[in-house]
1. Enter the angle in degrees (range 0 to 90, nearest 10) between the Cα long axis of helix 85-94 and the first principal axis of the Cα atoms of the chain, meaning the one along which they spread out most.
2. Indicate the gyration tensor shape class of segment 39-99 (rounded, prolate or oblate), computed on the Cα atoms with a ≥ b ≥ c the square roots of the eigenvalues: a/c under 1.5 is rounded; otherwise a/b larger than b/c is prolate and the rest oblate.
3. Let me check I have the definition right: for segment 1-82, take the eigenvalues of the Cα gyration tensor, multiply each by 5, take square roots. What are those semi-axes in whole Å, largest first?
4. Which whole-number percent gives the relative contact order of the chain, counting Cα pairs below 8 Å spaced six or more residues apart?
5. If one puts a single equal scatterer on every Cα of the chain and applies the Debye formula without solvent, what log₁₀ I(q)/I(0) results at q = 0.10, 0.14, 0.21 Å⁻¹?
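Derivation of every value follows stated rules applied to the coordinates shown; laboratory data play no part. All figures in this text were calculated on a predicted structure; none of them were measured in a lab.
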Amino acid sequence: MNKVDHIGIAVKSLEETLPFYTNVLGLTCLAIEIVPTENVRVAFLDANNVKIELMEATSPNSPIAKYVDKRGEGIHHIAFNVTSIESRIHELKEKGIRMLNEVPKQGAGDAMVAFMHPKSGHGVLYELCEKPLEEENSD
């Protein structure tokens, strides 16, 4: 793992939550986008050494909607920046890690992502995140 890329936080509403992060904490909102593959709308915030990703469900069938219904708002996952995501998935599987995604899928910001099963992460959901080369170099 190269570094922590972002911390994902599940929220009920970006409109209600975003002012806390921007007005109270003073973080800068970098981008808001919809990720159709996950049925979420995300806002990325700059917290200097790491980004914060606020995630709002766009459908009741979204994993985030189910998460918020079951656990409430809060930290959802920690994402690690990786290179060669396919190789990292293979390496983790060889070490006995159970993956939720054995094949990377499209995530926010044109990144390819895959999640480890939280049971393999001692109760924490970890995301592998491979960003396009030009964005990795700008971080």
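1. In the chain, helix 85-94 runs at an angle near 60 degrees to the longest axis.
2. Note, shape of segment 39-99 comes out oblate.
3. Numbers: eigenvalues 76, 51, 26 Å².
In descending order, the three semi-axes are 19, 16, 11 Å.
4. Result for the chain is 24 percent.
5. -0.32, -0.64, -1.40
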